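I have placed the structure first, in the form of C-alpha cells, so that the comments after it can refer back to it.
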C-alpha cells in the first residue's frame, strides 16, 4: 500500500489516499517528494516522515468502519431515509441565531470585561457552534436543496457573519473533498 525510501540525495515517500464510496474501497497511491529533515545529527542523511502514511491507513480503517456501520443501520432502520432531505426552516433558525448573536454583542458594547468574557464563552460560543453545524448542513445544500445553490451559499454567508472569519464558501469546497475521498 505504501513504501518509504531512504537515500542520501533524494527521498521519495509513497502515501495513500483513501477513496471510499458505499460500494467500493479503493486505495490510490500518490508520490510525494520530500526534502526531509536531518536525523540524529546526521549531516547528509534524510528521512521521509512516514506519519502521513500511517495516518492514511488509520483513515482507511475508520472509513471502512463508517461505511459498514452506515449500511447496517440503513438496512436495520430503513425509515431513517425519510428524515433525509432539505429543510428551508434552517434559514429561519440561522436567522434567529445570527440576529440574537449580533443583538447580544450590541447590548454588551458598554459592559465590563467581567460580563463580556462569560457571555462570549457561554452564550456566543454556543450560538457560533450551532451556526457551524448549520454551515455544515448548508454546505450539503440541505437548506434549499440542490436546485438552489446560490440561496444555500447566501445563507451560508449569513450564518458565517457573527463568526468574523469567512469560512462558509471554502468550508463547502474542502468538505466536499472530505466526502469524495472518505465517504
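The figures follow:
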{"quantity": "Residue 155 being crowded, with 16+ Cβ neighbours inside 10 Å and assigned to a helix (DSSP H, G or I)", "calculated": "yes"}
{"quantity": "Single match in 171, 93 (criterion: in contact with a helix residue (DSSP H, G or I) (Cβ under 8 Å, 6 or more places away or on another chain) and over 30 Å from residue 58 (Cβ atoms))", "calculated": "93"}
{"quantity": "Residue within the range 159-178 that is buried (at least 16 other Cβ atoms within 10 Å of the Cβ), touching a residue at least 40 places away in the same chain (Cβ under 8 Å) and on the phi > 0 side of the Ramachandran plot present", "calculated": "no"}
{"quantity": "Of the criteria (1) more than 27 Å from residue 58 (Cα to Cα); (2) in contact with a helix residue (DSSP H, G or I) (Cβ under 9 Å, 6 or more places away or on another chain), which one residue 79 fails", "calculated": "(2)"}
{"quantity": "Residue 127 being at pLDDT 95 or above, part of a helix (DSSP H, G or I), farther than 20 Å from residue 173 by Cα and in contact with a helix residue (DSSP H, G or I) (Cβ under 9 Å, 6 or more places away or on another chain)", "calculated": "yes"}
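The values are calculated or read from the model by the stated rules, or taken from the named source; none is laboratory data. Just so it is clear, the model here is predicted, and its values are computed rather than measured. Neighbour counts run over all protein chains shown; Cβ positions are idealised from the backbone, glycine included.
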